[in-house]
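Quick note: the coordinates plus some simple rules give every number you see, no bench work behind them. No experiment lies behind these values; they were computed from the predicted model shown. All Cβ positions, glycine included, derive from the backbone under ideal geometry; neighbour counts span all protein chains shown.
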Amino acid sequence: MTRYRILLITGNVHKKREVEIILSDYESMFEVEMEPNIRKVEVQADDIYDIARQAMLDISRIVKPRKDTYLVLEDDGLYIEALGGFPGPYSEYVYRTLGLEGILKIMSGIENRSAVFRAALGVLTPSGKVEVVQGSCRGRIADSKRGKGGFGYDPIFVPLGYDITFAEMGIEEKCKISHRARAFRTLADLIVSGVLK
Ligand code: IMP
């Protein structure tokens with residue numbers, strides 16, 4: 001059985017742990033490692049698809065593809081409907097500046113709390129091709145921060161069909177339904193089926 005290596009360009013241990021759990025459904029076909037030495041340059045674009053694609057195209061100019069290894073960078077965004085998709089591609093910046101309290105303040109009195117969490121994976125394949133794979137999870141913005149688990153926006157994001165936030169559910173449950181789970185399962189299916197070589 002071929003064993004594939006997923007090399008994540010990230011220093012975020014939460015992301016790595018979640019990707020390990022998501023890919024554990026594929027019976028040891030995937031080995032997940034972090035590659036903290038390659039820097040992902042954040043290009044300015046309105047869409048996380050374009051950001052992930054451009055960032056991986058830049059990396060592909062300096063990194064050699066390797067057999068059975070998929071180099072993956074992830075760009076995520078929380079798109080709040082009532083705010084026209086804000087913070088979207090600026091989610092990391094807004095998290096650091098306004099923070100969760102700031103988002104809750106902006107959302108106070110707003111009835112439509114619908115939001116979508118999106119993940120775009122920029123992938124460098126073993127044959128040197130650059131592809132983007134996406135996943136999303138619909139939900140709503142909670143009225144207040146709830147829960148201790150996860151990271152980032154987890155305490156204020158309630159996925160569709162649930163009354164608890166990502167931070168209140170266990171990591172296993174989050175990894176069944178999250179934007180990251182959907183993106184990485186699509187990627188894994190494309191790899192295992194031989195479509196993405
Ligand atoms: P990045 O593009 O992966 O850096 O993500 C953009 C922002 O979304 C960062 O502030 C992350 O902390 C946050 N984020 C990414 N994924 C998740 C998640 O699964 N839950 C909560 N916040 C997330």
Original post:
Taking the stated definitions as given, is Gln54 assigned to a helix (DSSP H, G or I), more than 13 Å from the ligand (Cβ to nearest atom) and either of a type outside the set (Gly, Ala, Ser) or buried (at least 20 other Cβ atoms within 10 Å of the Cβ) (or both)?
Top reply: yes
Subject >> Number of positions in segment 164-197 that are in a helix (DSSP H, G or I) and under 16 Å from the mean Cα position of the chain (by Cα) >> reply: 17
Subject >> Among the residues listed as Leu23, Leu8, Leu71, the single one being within 20 Å of Thr186 (Cα to Cα) and within 13 Å of the chain's Cα centre (by Cα) >> reply: Leu8
Original post:
Among the residues of segment 64-71, is any closer than 21 Å to Gly150 by Cβ, in a loop (DSSP other than H, G, I, E, B), in contact (Cβ under 8 Å) with a residue 60 or more places away in the chain and more than 10 Å from the ligand (Cβ to nearest atom)?
Top reply: no
Subject >> Selection status of Glu101, out of contact with any Ser or Thr (no Cβ under 9 Å at 6 or more places or on another chain) and of a type outside the set (A, V, I, L, M) >> reply: yes
Subject >> Within segment 43-54, tally of residues that are of a type outside the set (S, T, N, Q) and over 11 Å from Ala120 (Cα atoms) >> reply: 3
Subject >> Which listed residue is more than 26 Å from Ile9 (Cα to Cα) and assigned to a helix (DSSP H, G or I), from Gly161, Gly109, Gly102 >> reply: Gly102
**OP:** Being charged (D, E, K, R), assigned to a loop (DSSP other than H, G, I, E, B) and more than 16 Å from the ligand (Cβ to nearest atom) is the filter here, so list the residues in segment 1-44 that pass it.
**Re:** Arg3, Glu27
Subject >> Neighbours by Cβ (under 7 Å, 6+ apart or cross-chain): first from segment 81-94, under 13 Å from Ala115 (Cβ atoms) and touching a residue at least 40 places away in the same chain (Cβ under 8 Å); second surrounded by 15 or more Cβ atoms within 10 Å (Cβ to Cβ) and of a type in the set (Phe, Trp, Tyr) >> reply: Gly88/Tyr79
Subject >> In segment 87-113, the residues that are surrounded by 14 or more Cβ atoms within 10 Å (Cβ to Cβ) and polar (S, T, N, Q) >> reply: Ser91
